[in-house]
1. One residue is enough: does region 108-118 have a residue meeting the conditions closer than 21 Å to Glu183 by Cβ, surrounded by 14 or more Cβ atoms within 10 Å (Cβ to Cβ), touching a residue at least 40 places away in the same chain (Cβ under 8 Å) and in contact with an Asp or Glu (Cβ under 8 Å, 6 or more places away or on another chain)?
2. If you take the residues of region 60-71 that are out of contact with any helix residue (DSSP H, G or I) (no Cβ under 7 Å at 6 or more places or on another chain) and at pLDDT below 90, which of them is surrounded by the most Cβ atoms within 10 Å (Cβ to Cβ)?
3. Restricting to region 216-243, what's the tally of residues that are more than 22 Å from Gln37 (Cβ to Cβ), outside any strand (DSSP E or B) and out of contact with any His (no Cβ under 8 Å at 6 or more places or on another chain)?
4. Are any of the residues in region 16-24 under 17 Å from the mean Cα position of the chain (by Cα), within 27 Å of Gly207 (Cα to Cα), among the acidic types (Asp, Glu) and at pLDDT 90 or above?
5. Do we find that Val74 is under 30 Å from Pro11 (Cβ atoms) and either at pLDDT 85 or above or not β-branched (Val, Ile, Thr) (or both) in this structure?
6. Go through the residues of region 195-214 one by one and say whether even a single one is modelled with pLDDT under 95, under 23 Å from Phe54 (Cα atoms) and part of a loop (DSSP other than H, G, I, E, B).
7. Please give the strands (runs of 3 or more DSSP E) falling wholly within region 21-128 in which 1 or more residues are of a type in the set (D, E, K, R).
8. Any idea how many residues of region 151-167 are free of Cβ contacts under 8 Å to residues at least 60 places away in the same chain, among the hydrophobic types (A, V, I, L, M, F, W, C) and under 18 Å from His202 (Cα atoms)?
Amino acid sequence: MSIAPAADAAPLIELDQACVIRGQVRVLHELNLRIEQGQHTAILGPNGCGKSSFIKLITRELYPLARGDGQLPVKVMGQARWQVDRLRAQLGIVTGDLSGNLADMPGLGVEEAVISGFFASYVVPPHRDITPAMRERARQALELARALPLLDRGYAELSAGETRRVLIARALVNQPHALLLDEPSTGLDLVSRQHLVETMRHLAQRGITLVLVTHHIEEVIPEIERVVLMKGGRIFADGHRADLLRPGPLSEVFGGRIEVREEHGRLSAWACAG
């Protein structure tokens, strides 16, 4: 279930002066960003910097302002218009909101939760049959996400770390071109976060493009070489991890003194007093 982009594949994400207004507030300001398929990327910034709006812009939960010149400000895999279910099949999306919705489904098992990804719904629709091929793909996706031992468990009884791996498997079941991970370690303890990091590294090494949206510098695995820093709804900096995951740029983005340490490819960061 390894996936490699074609040499002539369209960019995964293209933003061309993309602006978003929520209520009366402009939350994203003329974003210009191009992420190629195969280019692991971290979108990093503090709470309130526009990361959630960026996610919703890509997933079609928010729409950009129309441009006066008629150009389209958002394209995903070369297309400006998508049906949401088809988009989610091509771009696997992992968000914390989805976990809560699945946990509310009575009697939902892990296998069914993963298979529901075929239908872009919280459960398998009653009029749709589950084929042996779907079950096999679900097993493959769970194995790739290092969650196959959970196959026969109930979804609601899983720990936070286990649900995150099942959500990744659910996103992988359609063999998408990439995964969009929205704050994937929220609510995880130290051991569960380490398991998540190992899973992300495994996926990246198998050729699945990762777009990680986070404020946790520790989640930026060594395979992610490109970092985009956001501040105040704008792109503050865009470049190589070695240039941006440093005290200077991070301190400016997070609005306080940040120190960073890297050991064996793993990052740790902390805020300093004063």
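The values are calculated or read from the model by the stated rules, or taken from the named source; none is laboratory data. In this text the structure is predicted, and so the values were computed from the model without any measurement. Cβ coordinates were reconstructed from backbone atoms using ideal geometry, including for glycine residues, and neighbour counts include every protein chain displayed.
1. no
2. The initial filter retains those residues of region 60-71 that are out of contact with any helix residue (DSSP H, G or I) (no Cβ under 7 Å at 6 or more places or on another chain), namely 61, 63, 65-71.
Filter once more, keeping what is at pLDDT below 90: 61, 66-71.
Values: Glu61: 11, Ala66: 11, Arg67: 14, Gly68: 6, Asp69: 6, Gly70: 6, Gln71: 10.
Looking at residues that are out of contact with any helix residue (DSSP H, G or I) (no Cβ under 7 Å at 6 or more places or on another chain) and at pLDDT below 90, I get Arg67.
3. Residues in region 216-243 being more than 22 Å from Gln37 (Cβ to Cβ), outside any strand (DSSP E or B) and out of contact with any His (no Cβ under 8 Å at 6 or more places or on another chain): 5 in total.
4. Taking region 16-24 first, the residues under 17 Å from the mean Cα position of the chain (by Cα) are none.
No, because not a single residue in region 16-24 is under 17 Å from the mean Cα position of the chain (by Cα), within 27 Å of Gly207 (Cα to Cα), among the acidic types (Asp, Glu) and at pLDDT 90 or above.
5. On the way: under 30 Å from Pro11 (Cβ atoms): yes; either at pLDDT 85 or above or not β-branched (Val, Ile, Thr) (or both): yes.
Here the answer is yes, as Val74 does meet what is asked.
6. yes
7. Details: elements: 25-35, 41-44, 74-76, 91-94.
Passing ranges, in order: 25-35, 74-76.
8. So the count comes out to 1.
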